């Protein structure tokens, strides 16, 4: 398998780990709540921020020419 085939797999694994950690954080925000209103507000802020960061990250990932980067290193 070439390096150009490994990059999308590695990125998908990274996104899966990000989503799993995000799900754990959301679970803890909602399960261990001290104040229900504050928990819902923090959940909304966290969810909006993480979706925004994920979209920016994906758009940056798509804008990189991975073939050119790795061909310069001899892969």
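The values are calculated or read from the model by the stated rules, or taken from the named source; none is laboratory data. Everything numeric in this text was worked out from a predicted model, so none of it was measured. Cβ sites come from the backbone with ideal geometry, for glycine too, and all protein chains shown count toward neighbours.
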### Task
State yes or no: is residue 11 out of contact with any strand residue (DSSP E or B) (no Cβ under 8 Å at 6 or more places or on another chain) and touching a residue at least 40 places away in the same chain (Cβ under 8 Å)?
yes
### Query
Within region 48-59, is even one residue part of a helix (DSSP H, G or I), loosely packed, with under 10 Cβ neighbours inside 10 Å and modelled with pLDDT of 85 or more?
yes
### Query
In this structure, is residue 11 part of a helix (DSSP H, G or I), surrounded by 12 or more Cβ atoms within 10 Å (Cβ to Cβ) and within 18 Å of the chain's Cα centre (by Cα)?
yes
